[in-house]
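Chemist: Quick one: this structure, given as C-alpha coordinates, is what I'll be asking you about.
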Amino acid sequence: MPSPARKTRIGMIVPSSNTCLEPQSYRILGDRDDVTIHFTRIPVTRIALDDSSDKQFDPAVMRAAAELLATADVDVIAWNGTSGSWLGADHDRELVGKIVDATGIPATTSTLAYLEAFESFGTERIGLFTPYTEDVNGAIMASYERHGIKTIGHRALGLRDNESFARVTDDEMRPGSLELAAARPDALIYLCTNLYGADIAAEVEAETGVPVLDSVAVTLWHCLKLAGSPLLAPRWGRLLAG
(Lines give C-alpha, C1' and ligand atoms only; values in the text may rest on other atoms or scores of the structure.)
Protein backbone atom coordinates (compact mmCIF):
# COMPACT_ATOMS: atom_id res chain seq x y z
CA MET A 1 0.00 0.00 0.00
CA PRO A 2 1.26 3.55 -0.69
CA SER A 3 2.48 5.42 2.37
CA PRO A 4 0.19 8.28 3.52
CA ALA A 5 3.31 10.38 4.20
CA ARG A 6 4.91 12.07 1.21
CA LYS A 7 7.14 14.93 0.18
CA THR A 8 5.84 18.39 -0.69
CA ARG A 9 4.94 18.48 -4.38
CA ILE A 10 5.17 21.69 -6.39
CA GLY A 11 3.59 21.89 -9.83
CA MET A 12 4.99 24.41 -12.32
CA ILE A 13 3.65 25.55 -15.69
CA VAL A 14 6.69 26.28 -17.84
CA PRO A 15 7.17 28.30 -21.06
CA SER A 16 7.99 25.72 -23.73
CA SER A 17 11.26 27.35 -24.81
CA ASN A 18 12.54 27.87 -21.26
CA THR A 19 15.65 25.79 -20.53
CA CYS A 20 16.62 27.46 -17.24
CA LEU A 21 13.91 27.16 -14.63
CA GLU A 22 13.66 23.38 -14.37
CA PRO A 23 17.36 22.64 -13.75
CA GLN A 24 17.76 25.88 -11.79
CA SER A 25 14.87 25.10 -9.45
CA TYR A 26 16.43 21.77 -8.56
CA ARG A 27 19.87 23.39 -8.25
CA ILE A 28 18.39 25.85 -5.76
CA LEU A 29 16.82 23.04 -3.75
CA GLY A 30 20.25 21.40 -3.59
CA ASP A 31 20.34 18.23 -1.54
CA ARG A 32 16.91 18.73 0.00
CA ASP A 33 14.79 15.61 -0.13
CA ASP A 34 11.57 17.05 1.30
CA VAL A 35 10.34 18.65 -1.95
CA THR A 36 9.77 17.48 -5.51
CA ILE A 37 8.88 19.67 -8.50
CA HIS A 38 6.68 18.60 -11.40
CA PHE A 39 6.45 20.46 -14.69
CA THR A 40 4.16 20.85 -17.67
CA ARG A 41 4.81 23.12 -20.66
CA ILE A 42 2.74 25.54 -22.72
CA PRO A 43 3.80 27.10 -26.03
CA VAL A 44 5.83 30.29 -25.43
CA THR A 45 8.62 31.29 -27.81
CA ARG A 46 8.72 35.08 -28.06
CA ILE A 47 8.39 38.09 -25.75
CA ALA A 48 7.05 41.34 -27.17
CA LEU A 49 4.25 43.85 -26.74
CA ASP A 50 1.85 42.62 -29.41
CA ASP A 51 -1.19 40.40 -29.78
CA SER A 52 0.66 37.31 -31.00
CA SER A 53 2.90 37.39 -27.93
CA ASP A 54 0.03 38.12 -25.54
CA LYS A 55 -2.02 35.19 -26.87
CA GLN A 56 0.66 32.80 -25.59
CA PHE A 57 -0.55 33.56 -22.06
CA ASP A 58 -4.21 32.64 -22.56
CA PRO A 59 -5.76 31.68 -19.19
CA ALA A 60 -7.62 28.78 -20.86
CA VAL A 61 -4.30 27.23 -21.89
CA MET A 62 -2.92 27.75 -18.38
CA ARG A 63 -6.00 26.19 -16.83
CA ALA A 64 -5.65 23.05 -18.96
CA ALA A 65 -1.97 22.78 -17.96
CA ALA A 66 -2.91 23.18 -14.29
CA GLU A 67 -5.49 20.42 -14.57
CA LEU A 68 -2.76 18.08 -15.79
CA LEU A 69 -0.55 18.99 -12.82
CA ALA A 70 -3.47 18.41 -10.46
CA THR A 71 -3.54 14.74 -11.46
CA ALA A 72 -0.12 14.47 -9.76
CA ASP A 73 -1.73 15.62 -6.48
CA VAL A 74 0.58 18.61 -6.19
CA ASP A 75 0.32 20.93 -3.17
CA VAL A 76 0.69 24.21 -5.09
CA ILE A 77 0.69 25.25 -8.75
CA ALA A 78 2.72 28.12 -10.23
CA TRP A 79 2.72 29.77 -13.62
CA ASN A 80 6.50 30.10 -13.71
CA GLY A 81 6.64 33.00 -16.11
CA THR A 82 6.84 36.77 -15.73
CA SER A 83 4.22 37.79 -18.32
CA GLY A 84 2.03 39.34 -15.62
CA SER A 85 4.73 41.93 -14.98
CA TRP A 86 3.85 43.64 -18.27
CA LEU A 87 0.29 42.33 -18.82
CA GLY A 88 -0.59 43.45 -15.28
CA ALA A 89 -1.07 41.74 -11.95
CA ASP A 90 -4.84 41.58 -12.50
CA HIS A 91 -4.19 39.26 -15.45
CA ASP A 92 -2.33 36.91 -13.11
CA ARG A 93 -4.89 37.20 -10.33
CA GLU A 94 -7.57 36.16 -12.81
CA LEU A 95 -5.35 33.29 -13.93
CA VAL A 96 -4.82 32.11 -10.35
CA GLY A 97 -8.54 32.28 -9.72
CA LYS A 98 -9.22 30.05 -12.73
CA ILE A 99 -6.57 27.55 -11.64
CA VAL A 100 -7.91 27.37 -8.09
CA ASP A 101 -11.50 27.04 -9.34
CA ALA A 102 -10.49 24.22 -11.68
CA THR A 103 -8.23 22.28 -9.30
CA GLY A 104 -8.89 23.34 -5.71
CA ILE A 105 -5.12 23.73 -5.32
CA PRO A 106 -3.39 26.94 -4.09
CA ALA A 107 -1.70 28.77 -6.96
CA THR A 108 0.63 31.64 -7.74
CA THR A 109 2.64 33.16 -10.58
CA SER A 110 6.11 34.64 -10.81
CA THR A 111 4.62 38.14 -10.87
CA LEU A 112 2.45 37.56 -7.82
CA ALA A 113 5.42 35.97 -6.06
CA TYR A 114 7.40 39.16 -6.64
CA LEU A 115 4.59 41.33 -5.30
CA GLU A 116 4.44 39.12 -2.21
CA ALA A 117 8.20 39.42 -1.80
CA PHE A 118 8.11 43.22 -2.20
CA GLU A 119 5.45 43.45 0.51
CA SER A 120 7.18 40.96 2.82
CA PHE A 121 10.57 42.68 2.59
CA GLY A 122 9.42 46.31 2.39
CA THR A 123 10.82 46.72 -1.10
CA GLU A 124 9.85 50.05 -2.69
CA ARG A 125 12.79 51.01 -4.93
CA ILE A 126 14.28 48.52 -7.36
CA GLY A 127 16.95 48.14 -9.98
CA LEU A 128 15.51 46.11 -12.87
CA PHE A 129 17.60 43.79 -15.06
CA THR A 130 15.93 41.85 -17.89
CA PRO A 131 16.85 40.21 -21.19
CA TYR A 132 13.84 41.94 -22.80
CA THR A 133 13.49 44.94 -25.10
CA GLU A 134 13.22 48.53 -23.85
CA ASP A 135 9.48 48.76 -24.51
CA VAL A 136 8.78 45.61 -22.48
CA ASN A 137 10.84 47.05 -19.63
CA GLY A 138 8.79 50.25 -19.90
CA ALA A 139 5.55 48.29 -19.52
CA ILE A 140 6.97 46.41 -16.53
CA MET A 141 8.05 49.62 -14.81
CA ALA A 142 4.64 51.20 -15.38
CA SER A 143 2.91 48.12 -13.96
CA TYR A 144 5.15 48.10 -10.89
CA GLU A 145 4.59 51.82 -10.40
CA ARG A 146 0.87 51.12 -9.98
CA HIS A 147 1.81 48.92 -7.02
CA GLY A 148 4.02 51.56 -5.43
CA ILE A 149 7.27 50.03 -6.70
CA LYS A 150 9.60 52.64 -8.18
CA THR A 151 12.28 51.55 -10.63
CA ILE A 152 15.32 53.77 -10.09
CA GLY A 153 17.36 52.19 -12.88
CA HIS A 154 16.98 49.44 -15.46
CA ARG A 155 18.86 47.43 -18.05
CA ALA A 156 17.28 45.65 -21.04
CA LEU A 157 19.43 43.33 -23.16
CA GLY A 158 17.15 43.79 -26.18
CA LEU A 159 16.26 40.14 -26.81
CA ARG A 160 12.90 38.78 -27.99
CA ASP A 161 13.53 35.07 -28.62
CA ASN A 162 12.71 33.36 -25.33
CA GLU A 163 15.15 30.48 -25.89
CA SER A 164 18.03 32.94 -26.19
CA PHE A 165 17.53 34.35 -22.69
CA ALA A 166 19.06 31.27 -21.04
CA ARG A 167 22.24 31.78 -23.05
CA VAL A 168 23.02 35.11 -21.38
CA THR A 169 26.25 34.60 -19.43
CA ASP A 170 27.28 35.72 -15.95
CA ASP A 171 29.88 38.00 -17.54
CA GLU A 172 27.17 39.68 -19.60
CA MET A 173 25.09 40.27 -16.49
CA ARG A 174 27.72 41.54 -14.05
CA PRO A 175 28.44 45.05 -15.39
CA GLY A 176 24.80 46.13 -15.60
CA SER A 177 24.05 44.49 -12.27
CA LEU A 178 26.81 46.41 -10.51
CA GLU A 179 25.77 49.68 -12.13
CA LEU A 180 22.19 49.20 -10.99
CA ALA A 181 23.29 48.25 -7.47
CA ALA A 182 25.44 51.39 -7.25
CA ALA A 183 22.23 53.45 -7.10
CA ARG A 184 21.38 51.64 -3.82
CA PRO A 185 17.93 50.25 -4.61
CA ASP A 186 16.10 48.22 -1.99
CA ALA A 187 16.69 45.19 -4.24
CA LEU A 188 18.15 44.25 -7.60
CA ILE A 189 15.58 42.33 -9.65
CA TYR A 190 16.53 39.73 -12.27
CA LEU A 191 13.20 39.54 -14.06
CA CYS A 192 12.86 36.48 -16.30
CA THR A 193 12.50 32.81 -15.38
CA ASN A 194 14.78 31.88 -18.29
CA LEU A 195 17.69 33.96 -16.98
CA TYR A 196 20.36 32.49 -14.67
CA GLY A 197 20.37 35.46 -12.31
CA ALA A 198 20.40 33.36 -9.15
CA ASP A 199 23.85 32.05 -10.03
CA ILE A 200 25.45 35.43 -9.27
CA ALA A 201 23.07 36.54 -6.51
CA ALA A 202 25.45 35.81 -3.63
CA GLU A 203 28.37 37.41 -5.47
CA VAL A 204 26.46 40.61 -6.23
CA GLU A 205 25.07 40.82 -2.70
CA ALA A 206 28.53 40.36 -1.18
CA GLU A 207 30.13 42.98 -3.44
CA THR A 208 27.40 45.63 -3.23
CA GLY A 209 25.35 44.94 -0.10
CA VAL A 210 22.18 45.14 -2.23
CA PRO A 211 19.72 42.22 -1.93
CA VAL A 212 19.02 40.25 -5.10
CA LEU A 213 15.63 38.83 -6.08
CA ASP A 214 15.83 36.40 -9.00
CA SER A 215 12.65 35.22 -10.75
CA VAL A 216 13.31 31.47 -10.48
CA ALA A 217 14.27 31.76 -6.81
CA VAL A 218 11.37 34.09 -5.94
CA THR A 219 8.80 31.82 -7.60
CA LEU A 220 10.17 28.76 -5.80
CA TRP A 221 10.25 30.72 -2.52
CA HIS A 222 6.58 31.61 -2.85
CA CYS A 223 5.62 28.04 -3.73
CA LEU A 224 7.43 26.74 -0.65
CA LYS A 225 5.79 29.42 1.47
CA LEU A 226 2.30 28.50 0.22
CA ALA A 227 3.03 24.82 0.83
CA GLY A 228 4.27 25.49 4.38
CA SER A 229 7.74 24.11 3.61
CA PRO A 230 11.17 25.44 4.67
CA LEU A 231 12.40 28.27 2.45
CA LEU A 232 15.72 28.73 0.62
CA ALA A 233 19.43 28.81 1.37
CA PRO A 234 20.88 32.36 1.60
CA ARG A 235 23.16 31.92 -1.43
CA TRP A 236 20.14 32.27 -3.75
CA GLY A 237 19.19 35.67 -2.31
CA ARG A 238 19.50 36.46 1.37
CA LEU A 239 15.96 37.83 1.70
CA LEU A 240 14.54 34.46 0.62
CA ALA A 241 16.34 32.43 3.25
CA GLY A 242 14.45 30.52 5.90
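The values are calculated or read from the model by the stated rules, or taken from the named source; none is laboratory data. Since we're looking at a predicted model, the values are computed, not measured. Neighbour counts run over all protein chains shown; Cβ positions are idealised from the backbone, glycine included. Side chains included, ligands, DNA and RNA excluded: accessible areas come from the protein's heavy atoms. Shrake-Rupley method; radii C 1.70, N 1.55, O 1.52, S 1.80 Å.
Chemist: In debye, nearest 20: dipole of the chain around its Cα centre with unit charges on the Cβ of K, R (+) and D, E (-)? Walk me through the numbers on the way to the answer.
Modeler: On the way: 22 positive and 33 negative charges, 76 e Å.
About 360 debye.
Chemist: Also, quick follow-up: Enumerate the amide H contacts of Asp214 below 5 Å, restricted to partners 5 or more residues apart or on another chain; note that Pro and chain-start residues carry no placed amide H.
Modeler: Residues meeting the criterion, in which the H sits 1.01 Å from N, are Tyr190.
Chemist: While we're on this one: By how many nm would the segment from Ala241 to Asp90 lengthen if fully extended, with 0.36 nm per residue of separation less the alpha-carbon distance? Don't skip to the answer; put the middle values down first.
Modeler: Details: separation 151, 0.36 × 151 = 54.36 nm, distance 2.79 nm.
In short, 51.6 nm is gained.
Chemist: Among Gly153, Ala227, Ser16, whose Cα projects farthest towards the positive end of the dipole of the chain, with charges put on the beta-carbon of Lys, Arg (+1) and Asp, Glu (-1)?
Modeler: Ala227
Chemist: A further question on this structure: Please report the net charge: other residues with Cβ closer than 12 Å to the Cβ of Thr193, K and R +1, D and E -1.
Modeler: Working: positive: none; negative: Glu22, Asp214.
Every neighbour counted, the sum reads -2.
Chemist: Can you give the calculated 222 nm mean residue ellipticity of the chain, where each DSSP H run of n ≥ 4 adds -39,500 (n - 2.57) and the sum is split over every residue, rounded to the nearest 500 deg cm²/dmol? It would help to have the intermediate numbers written out before the result.
Modeler: Values: 11 runs with 106 residues, N = 242.
One gets -12500 deg cm²/dmol as the mean residue ellipticity at 222 nm.
Chemist: Let me ask you something else. What accessible area, in Å² to the nearest ten, does a 1.4 Å probe give for Asp161?
Modeler: Ignoring ligands and nucleic acids, Asp161 comes out at about 70 Å².
Chemist: Also: Can you compute the equivalent ellipsoid semi-axes for the chain, i.e. the square root of 5 times each eigenvalue of the Cα gyration tensor, sorted largest first and rounded to whole Å? Please list the in-between numbers first.
Modeler: Details: eigenvalues 143, 88, 51 Å².
The answer is 27, 21, 16 Å, longest axis first.
Chemist: Taking the Cα centre of the range 97-195 as origin, sum charge times position over the Cβ atoms of Lys and Arg (+1) and Asp and Glu (-1), and report the length of that vector in debye to the nearest 20. Walk me through the numbers before you get to the answer.
Modeler: Numbers: 9 positive and 14 negative charges, 26 e Å.
With only Lys, Arg, Asp and Glu charged at Cβ, the dipole is about 120 debye.
Chemist: Could I ask something else about it? Can you put Arg174, Arg235 in order of accessible area, largest first, using a 1.4 Å probe? Please report the intermediate quantities before stating the final value.
Modeler: Numbers: Arg174 65, Arg235 140 Å².
Descending accessible area places them as Arg235, Arg174.
Chemist: Using a 1.4 Å probe over the heavy atoms of the protein chains, calculate the carbon and sulfur portion of the accessible area of the chain as a whole percent. Write out the running numbers ahead of the final one.
Modeler: Working: 5030 of 9790 Å².
Within the chain, the accessible surface is 51 percent carbon and sulfur.
Chemist: Moving on to the next point. Under DSSP H, which helices of the chain have Cα atoms covering 15 Å or more of the helix axis and a Kyte-Doolittle average no less than 1.0? The partial results should precede the final answer.
Modeler: Values: long enough: 59-70 (16 Å, 1.09); 89-103 (21 Å, -0.43); 110-121 (16 Å, 0.52); 134-145 (16 Å, -0.19); 170-182 (18 Å, -0.63); 215-227 (18 Å, 1.26).
Qualifying helices, which must be both long enough and hydrophobic enough, are 59-70, 215-227.
Chemist: Could you calculate, for the range 142-242, the ratio of the Cα radius of gyration to the Kirkwood radius, expressed as Rg to Rh?
Modeler: Details: Rg = 13.7 Å, Rh = 14.3 Å.
Looking at the range 142-242, the ratio lands at 0.96.
Chemist: Under 19 Å from the Cα of Lys7, which lysines turn up, not counting those fewer than eight places away in the same chain?
Modeler: Once the sequence-local lysines are set aside, what remains near Lys7 is Lys225.
Chemist: Calculate the FRET efficiency for Arg160 and Thr71 from the Cβ-Cβ distance with a Förster distance of 35 Å, rounded to the nearest 0.05. Spell out each step's value before the answer.
Modeler: Values: r = 34 Å, r/R0 = 0.97.
About 0.55, to the nearest 0.05.
Chemist: In the P(r) worked out for the range 17-98, what percent of Cα pairs fall beyond 19 Å?
Modeler: I get 44 percent for the Cα pairs in the range 17-98 exceeding 19 Å.
Chemist: Among Leu178, Met62, Tyr132, flag the residue with its Cα farthest along the positive direction of the charge dipole of the chain, charges on Cβ as +1 for Lys/Arg and -1 for Asp/Glu.
Modeler: Met62
Chemist: Let me ask something additional. Relative contact order (percent) for the chain, with alpha-carbon contacts under 8 angstrom and 6 or more residues of separation?
Modeler: Numbers: 469 pairs, mean separation 50.3, N = 242.
Once normalised by length, the contact order is 21 percent.
Chemist: For Thr108, enumerate residues with amide H under 5 Å from its amide H, sequence gap 5+ or separate chain, H modeled in the peptide plane.
Modeler: Under 5 Å from the amide H of Thr108 lie the amide H atoms of Ile77, Ala78, Trp79, each far enough along the sequence or on another chain.
Chemist: Per residue, how much accessible area does the chain have with a 1.4 Å probe, in Å²? Please list the in-between numbers first.
Modeler: Values: 9790 Å² over 242 residues.
Heavy-atom SASA per residue in the chain reads 40 Å².
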